Amino acid sequence: MTVTESQTQDPPELPAADNPLERCAAAPPRHPRPDGEDRYTISEVAAWTGLSAHTLRWYERIGLMPHIDRSHTGQRRFSNRDLDWLTLVGKLRLTGMPVADMVRYAELVRAGEHTFAERRQLLVRTRADVRHRIAELQDTLSVLDLKIGFYSDAAPTAGAAPTDGAAPAAACEAD
């Protein structure tokens, strides 16, 4: 049975206050198999994560993935813990964190708890970058909303000179 064919049972319902997933911004994806039965091939992990097998091998080669277990024939065998790590790596990629910083973060995690301060510093810097990008995107969204509002409210009149109600060119781009 492959990862995509395996079935999981729903976890028991907990009250919202007792359910750790309710306290998270985004619940982690469910593992395809329970712990103890979680030995996935590279093709199964590729299908589950959306990453290519080549990318997974590259992550391992550059030190972004922790040690991946191998079968007696040398094939990689990923665990649920590896899937969790890949989920985090995917989130870090979405932040725009450079690969070198992701590799450094992985090295710090492997080094142990004495690296908490440096890990925190790396994540705080990344969060600041993300917040800056969000502010830029919100400004861009405001301009789009303004333009959409103009076109929604404008009724073209016959013979009128075309205009889009744009602010001066220094303020925003005209059509």
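Using C-alpha pairs under 8 Å with a sequence gap of at least 6, the mean separation divided by the residue count of segment 29-99 gives a relative contact order of 36 percent. Taking each residue as 0.36 nm, the span from Ala47 to Arg119 lengthens on full extension beyond its C-alpha to C-alpha distance by 22.9 nm. Each of Leu146, Leu122 has its accessible area taken with a 1.4 Å probe; listed largest first, they run Leu146, Leu122. Per-residue SASA remark: His67, around 150 Å² accessible (1.4 Å probe; ligands, DNA and RNA not included).
Were the residues from Glu37 through Ile148 laid out at 0.36 nm apart, the gain over their Cα-Cα distance would be 34.7 nm. With the cut-off at under 20 Å, measuring from each backbone N in segment 89-118 to a point 7 Å along the Cα-to-Cβ line of Asp129 picks out 89-110, 116-118. Global dimensions of segment 68-134 from alpha-carbon coordinates: Rg and Dmax equal 14.4, 48 Å. What a 1.4 Å probe finds exposed on segment 36-150 is 56% carbon and sulfur by accessible area, rounded to a whole percent.
The values are calculated or read from the model by the stated rules, or taken from the named source; none is laboratory data. All values reported here derive from a predicted model rather than from experimental measurement. When we count neighbours, we look across all protein chains shown, and the Cβ atoms used for this are built from the backbone with ideal geometry, even at glycine. Surface accessibility is based on the protein's heavy atoms, side chains included, excluding ligands, DNA and RNA. Shrake-Rupley method; radii C 1.70, N 1.55, O 1.52, S 1.80 Å.
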